[in-house]
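S.K.: Have a look at this one before I ask anything.
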Amino acid sequence: MSLVLPAYDDVVRASQTLKGVAHRTPVLVSHTLNERLGAQVFFKCENLQRMGAFKFRGGYNALANLSDAQRQAGVVAFSSGNHAQAVALAAQLLGVSATIVMPADAPRAKKAATLGYGARVVDYDRATQDREEIARGLVDKEGLTLIPPFDHAEVIAGQGTAVKELLEDTGGLDALFVPLGGGGLLSGSLLSAQAISPDCAVYGVEPEAGSDGQQSLRKGSVVRIAQPSSIADGALTQALGNLTFSLIQQHVRDLLTVTDSQLIQAMQFFAERMKIVVEPTGCLGAAAVFNELVPLKGQRVGVVLSGGNVDLAAFGRLLEQGAQT
Ligand SMILES: *Cc1c(COP(=O)(O)O)cnc(C)c1O
């Protein structure tokens, strides 16, 4: 089976679709950091995107490209995290009904946010039920369209608009660091970087405990791992998708990993120095830069801060842990 991969043209179309709907998020810098690294670092602040993460871009673009019949029937997504909220908000804005399949024990704040965007939430029991099966059942029974979180051309194209904006604002970069879960954000970022700043070395960064992407790149085929455990809860995917692996394999410079304690240090830096809340997963790219996993001296470096949705009590506990180490 040959895959039809999205291209930069699709990212350009997505950016037109998202104009006036998604925020054009700011690009922030820290002189303290630049001095410490001897580099110029630009942070693309998707923690300040609508619903708190870049996932709004892909979710909205996917829904905006549905046929009238598909819109009328409604959509379904399975997620306990940012993709659920992205699909729920996009559906509300486009007048589409959304069903989100969520574990019964999902954090109350996340469930409340999803319900707040007008979505129907279908609970499942993590221990005994398979969420994909439940979602597929709804597709069969109710004619809903499944919106996958990353392995989908319009989702990838939407996610690529963040780095398109970044590069338009900063001009050419030498290196770019992007958080990696299932690879939708990284794939879209690669399309934009290739088109606008072709010499830029693009790195994907995943939690050390969930290095399926790195293992897949080394092996040359998709590696599936057991459910990893990390505070980077938006990057606990067990495997890349077919589209995302293909784009990553073609264009990425390398895939890197960081530890949870490096993520906590990064969160602390953003809170103290830059006065912004970045969730653990959102810090993956930044942690690779702070720890200079590749040499950066004298370079112009982009970093995607992918999201800011973290329960404030958990945020406080993590910062406290960081302060003790
Ligand atoms: C989903 C998510 C990621 C990972 O994105 P993928 O497209 O799955 O690689 C990174 N950061 C945040 C905040 C997320 O919500």
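S.K.: Treating the beta-carbon of each Lys and Arg as +1 and of each Asp and Glu as -1, no other charges, what is the dipole magnitude of the chain about its Cα centre, to the nearest 20 debye? Show your work: numbers first, answer last.
M.R.: Values: 27 positive and 31 negative charges, 86 e Å.
With only Lys, Arg, Asp and Glu charged at Cβ, the dipole is about 420 debye.
S.K.: Assuming a viscosity of 0.692 mPa s and a temperature of 37 °C, what translational diffusion coefficient in µm² per second does Stokes-Einstein assign to region 243-325, Rh being the Kirkwood radius over Cα pairs?
M.R.: Rounded to a whole number, D works out at 236 µm²/s.
S.K.: Something else: How far is helix 82-94 tilted off the main Cα axis of the chain, in degrees rounded to 10, range 0 to 90?
M.R.: Helix 82-94 and the main axis of the chain meet at about 60 degrees.
S.K.: Excluding same-chain pairs closer than 8 in sequence, count the lysine pairs in the chain whose Cα atoms lie under 21 Å apart.
M.R.: Lysine pairs meeting the criterion: 10.
S.K.: Next question. So which residue, out of ALA127, ALA195, ALA153, gets the largest mean-square fluctuation from a GNM of the chain using Cα contacts under 10 Å as springs?
M.R.: ALA127
S.K.: Right, another one. Using a simple charge model, +1 on the beta-carbon of Lys and Arg, -1 on the beta-carbon of Asp and Glu, nothing else, what dipole does region 131-213 show about its Cα centre, in debye to the nearest 20?
M.R.: 180 debye
S.K.: Determine, at each q value in 0.06, 0.09, 0.12 (inverse angstroms), the log₁₀ of I(q)/I(0) that the Debye formula gives when each Cα of the chain is one equal point scatterer.
M.R.: -0.18, -0.42, -0.77
S.K.: Does anyone have the angle between helix 8-18 and the longest principal axis of the chain? Alpha-carbon axes, 0 to 90°, nearest 10?
M.R.: Orientation of helix 8-18: about 70 degrees from the principal axis.
S.K.: Once each part is reduced to its C-alpha centroid, what is the distance from region 111-128 to region 217-277 in angstrom?
M.R.: What the calculation gives is 25 Å, centre to centre.
S.K.: Where is the GNM fluctuation largest for the chain (alpha-carbon springs, 10 angstrom cutoff): VAL122, VAL310, VAL178?
M.R.: Comparing VAL122, VAL310, VAL178 in the GNM, the peak value goes to VAL122.
S.K.: If you put +1 on each Lys and Arg Cβ and -1 on each Asp and Glu Cβ, how big is the dipole of region 175-325 around its Cα centre, in Debye rounded to 20?
M.R.: Around 320 debye, computed over region 175-325.
S.K.: Does region 125-165 come out rounded, prolate or oblate, given a ≥ b ≥ c as the square roots of the eigenvalues of its C-alpha gyration tensor, rounded meaning a/c under 1.5 and, failing that, prolate meaning a/b above b/c?
M.R.: Oblate.
S.K.: Now a separate question. In degrees, nearest 10, range 0 to 90: what is the angle between the Cα axis of helix 184-196 and the longest Cα principal axis of the chain?
M.R.: Helix 184-196 sits roughly 60 degrees off the main axis of the chain.
S.K.: How big is D, in µm² s⁻¹, for region 119-255 by Stokes-Einstein at 4 °C and 1.567 mPa s if Rh is the Kirkwood radius over C-alpha pairs?
M.R.: Value of D from the Cα-based Kirkwood radius: 80 µm²/s.
S.K.: Can you pull the Kirkwood radius for region 12-111, inverse mean 1/r over Cα pairs, to one decimal in Å? Intermediate results must be reported in sequence, preceding the final value.
M.R.: On the way: mean 1/r = 0.0654 Å⁻¹.
Roughly 15.3 Å, rounded to one decimal.
S.K.: Rank GLY74, ALA7, LEU93 by how far each Cα sits towards the positive end of the charge dipole of region 1-118 (+1 on Lys, Arg Cβ; -1 on Asp, Glu Cβ) and give me just the farthest.
M.R.: With unit charges placed on the Cβ atoms, the residue in question is LEU93.
S.K.: Here's a follow-up. Connecting C-alpha atoms closer than 10 Å in a GNM of the chain, tell me which of CYS45, CYS283, CYS200 has the biggest fluctuation.
M.R.: Evaluated over the chain, the most mobile residue of the options is CYS200.
S.K.: Take the alpha carbon gyration tensor of region 176-255, find the square roots of its eigenvalues, order them as a ≥ b ≥ c, and report rounded if a/c is under 1.5; if not, report prolate when a/b exceeds b/c, else oblate.
M.R.: It comes out prolate by the Cα gyration axes.
S.K.: While we're on this one: For the chain, the longest stretch holding no trypsin sites (Lys or Arg not before Pro) located in a DSSP loop with at most 16 other Cβ atoms within 10 Å is which?
M.R.: That gives 25-125 as the longest site-free run.
S.K.: Also, I was wondering about something else. Determine the calculated [θ] at 222 nm for the chain from helices alone, applying -39500 (n - 2.57) to every DSSP H run no shorter than 4 residues and normalising by the residue count; nearest 500 deg cm²/dmol.
M.R.: Dividing the helical sum by the residues of the chain leaves -14000 deg cm²/dmol.
S.K.: Counting only DSSP beta bridges with both residues in the chain, what percent are antiparallel, rounded to the nearest 5?
M.R.: Percentage antiparallel, nearest 5: 10.
S.K.: Given the C-alpha centroids of region 138-190 and region 65-99, what is the distance between them in whole angstrom?
M.R.: Each part reduced to its Cα centre gives a spacing of 16 Å.
S.K.: Over the alpha carbons of region 1-40, what is the largest minus smallest coordinate on each principal axis, giving the biggest first in Å?
M.R.: Rounded to whole Å, the extents work out to 48, 32, 13 Å.
Coordinate-derived values only; no laboratory data. From a predicted model like this one, the values you see are computed outputs, not experimental measurements. Neighbour counts run over all protein chains shown; Cβ positions are idealised from the backbone, glycine included.
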